[in-house]
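Input: a single structure, listed below in structure tokens.
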């Protein structure tokens, strides 16, 4: 059976942390902007139910208005400048992670010395770290008080 490869458009499901925010958004009927505000305020998605009981406790504001009011008090603006949905944020993080992985892989490939093919006439030499330091003019450091010999 052939191995199944992921297409670039396919991404893995969001992390557990992000999944909690997705569920909270659906459960409490929040917009993407309100979820973004709640995350910036440092709210816990598992604890939003305690705040969202305005029907039982009429003096409380409904959760969406409460988040907006707190955000305005803390940041002095009515909404964040750039609002991203949680899914879009996850996609961007995954793409960024993939770019870093590829860059790291390329850096490792460039850093490892390759042997010249037999018969090419090229000689490949590899210097030890101490040999590199001597070329630059550095000597290995001694720690503590060196003993006279």
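The values are calculated or read from the model by the stated rules, or taken from the named source; none is laboratory data. From a predicted model like this one, the values you see are computed outputs, not experimental measurements. Cβ coordinates were reconstructed from backbone atoms using ideal geometry, including for glycine residues, and neighbour counts include every protein chain displayed.
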Exercise for the section: Return the total of residues in region 34-79 being under 17 Å from residue 24 (Cβ atoms) and touching a residue at least 24 places away in the same chain (Cβ under 8 Å). Expected result: 18
Practice task
Using the structure shown, decide if residue 8 is over 18 Å from residue 68 (Cα atoms), modelled with pLDDT under 80 and surrounded by 13 or more Cβ atoms within 10 Å (Cβ to Cβ).
Solution key: no
Completion exercise
Per the filter on region 78-95, residues surrounded by 14 or more Cβ atoms within 10 Å (Cβ to Cβ) and closer than 12 Å to residue 34 by Cα are 79, 80, 83, 84, 85, 86
Problem - Within region 28-50, considering residues that are assigned to a helix (DSSP H, G or I) and exposed (fewer than 15 other Cβ atoms within 10 Å of the Cβ), the one nearest to the chain's Cα centre (by Cα) - result: 40
Practice task
Could you please let me know if residue 98 is farther than 29 Å from residue 28 by Cβ, surrounded by 11 or more Cβ atoms within 10 Å (Cβ to Cβ) and at pLDDT 90 or above?
Solution key: yes
Practice task
Considering each residue of region 51-77, count those that are in a loop (DSSP other than H, G, I, E, B), loosely packed, with under 11 Cβ neighbours inside 10 Å and at pLDDT 90 or above, and give that number.
Solution key: 2
